[in-house]
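Trainee: Take a look at the following structure, please.
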Amino acid sequence: MQEKVLLVDDEEGIRTVLSITVREAGYEVFTAANGIEALEILEKEDIPLVVTDIKMPGMDGLELLHRVKKDWPESEVIMITGHGDMDSAIDSLRKGAGDFITKPIHEDALEVALERAVQKIAIREQLREYTENLEHLVLEKSKELVEAERMAAVGQTVASMSHAIKNVAGGLEGGMFVIEKGLELENKDYLQQGWEMTRRDIKRIKNLAMDLLDYAKPVSINPVDADPNIPARQVRDLMASKAENAGVELLLNLDDSLGTMRLDIEAVHECLTNLVSNAIDACQDKLEGEKKVVIHTQDNGGMSVRYEVTDTGHGISPEIITKVFNSFFTTKGSRGTGIGLMATKKLVKEMGGAIMANSGVGEGATFTITIPTAHVVT
């Protein structure tokens, strides 16, 4: 397919000579006597190559160059300039011309200029294709990567769930074994023991299912203007009975200067409930020494509020503390599912906050939640 070339010059003789040269070089040739006529042709024909004289009456070559680059930016424009008029030639290059040749025009010089222009168009088209292909490849690989990560997350979650369910199932099998022995031996103590084991693990599987349903539900954060100490007091009152039964002292250490701040009281309440419940369990498992859980609040510079739950429990080893927020990870053995801290982390993230844990073996543990907020002017 022949490339199309538009020759623009106000001298008919030059147009005729150039037309013959360009046509013999294998191009399809169009001619125009001035800039206006050239624009009319370009409106009708898709012509990628324009060769124009700079000095023309009316619309000169520089103005035509400006119009071509504005309306057909992919076109290559070659300027023809008189010998010694290098200023105009350089000006045309600044304005987007691809090349220039000087009068008197040598046939070889024109052919070389046209070949370079054709090559530039071809290279530009190849770059466009490569870019589009690269963008498509990146998009496809990104989709594959996201899908792989999603499947890996699903696989990890399923594996963790399977482990949790397997633990419960193992407990149920143990209870069933004791019940069967009680029936076989007509031993009421065995029957009672086996039933208690079975009932405990049925409750665990029910709680696991309910926790999973709660975790899977979409989270809707609804901040209100309130005292940030409210959820801390509410959780202390809610968990007081559990703490007392476990022999754990549950205390508050509240920052009374917090004032009114904007945050989701219910979400903070749920987070603190999970952390305090875990802290009480950690203290309950401690064989000797002080058993105490403290809920702290603190203004974090007026732009956030910090909640801390500290305990004097058995502590968490360094290799384990990095895993406490992982899916279904628990240090409670058969008593835990690992969903509590998962749900807490999810809620904190939805509130735009951060959660962290600090501990050491035998040193107790501190879980800190920082929630972005701001004082409300009253």
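Trainee: Could you pull out every one of the lysines with an alpha carbon less than 24 Å from that of Lys286, ignoring same-chain neighbours closer than 8 positions?
Mentor: Output for Lys286: Lys242, Lys323, Lys332.
Trainee: Between Glu249 and Asp46, what length comes free when the chain is fully extended (0.36 nm per residue of separation minus the Cα-Cα distance, one decimal in nm)?
Mentor: Stretched fully, the Glu249-Asp46 segment lengthens by 64.5 nm.
Trainee: Distance from the Cα centre of the stretch 236-254 to that of the stretch 184-202, in angstrom?
Mentor: Using only Cα atoms, the two centres lie 32 Å from each other.
Trainee: Okay, next question. Counting other C-beta atoms within 10 Å, and keeping those with at most 14, which DSSP coil trypsin sites (Lys or Arg not before Pro) do you find in the stretch 67-99?
Mentor: Lys95
Trainee: What whole number of Å gives the distance from the Cα centroid of the stretch 279-307 to the Cα centroid of the stretch 21-48?
Mentor: Here the two parts' Cα centres lie 83 Å apart.
Trainee: Under 25 Å between C-alpha atoms is the cut-off here; go through the stretch 27-157 and count lysine pairs that meet it, provided they're at least eight residues apart or on different chains.
Mentor: Close lysine pairs found across the stretch 27-157: 17.
Trainee: Leaving out same-chain residues fewer than 8 places away, which lysines sit with a Cα under 16 Å from that of Lys349?
Mentor: Lys217
Trainee: For every other residue with a beta carbon closer than 12 angstrom to the beta carbon of Asp9, add +1 if it is Lys or Arg and -1 if Asp or Glu, then tell me the sum.
Mentor: -3
Trainee: Please report the projected area of the stretch 4-105's Cα convex hull averaged over all directions, in nm².
Mentor: Hull-based average projected area comes out at 5.7 nm².
Trainee: Compute the signed sum of charges (Lys and Arg +1, Asp and Glu -1) over the other residues within less than 13 Å, Cβ to Cβ, of Phe30.
Mentor: -4
Throughout, read-outs are computed from the coordinates displayed, never taken from laboratory work. These numbers come from a predicted model, not from an experiment. Here Cβ is always computed from backbone atoms with ideal geometry, including for glycine, and neighbour counts include all displayed protein chains.
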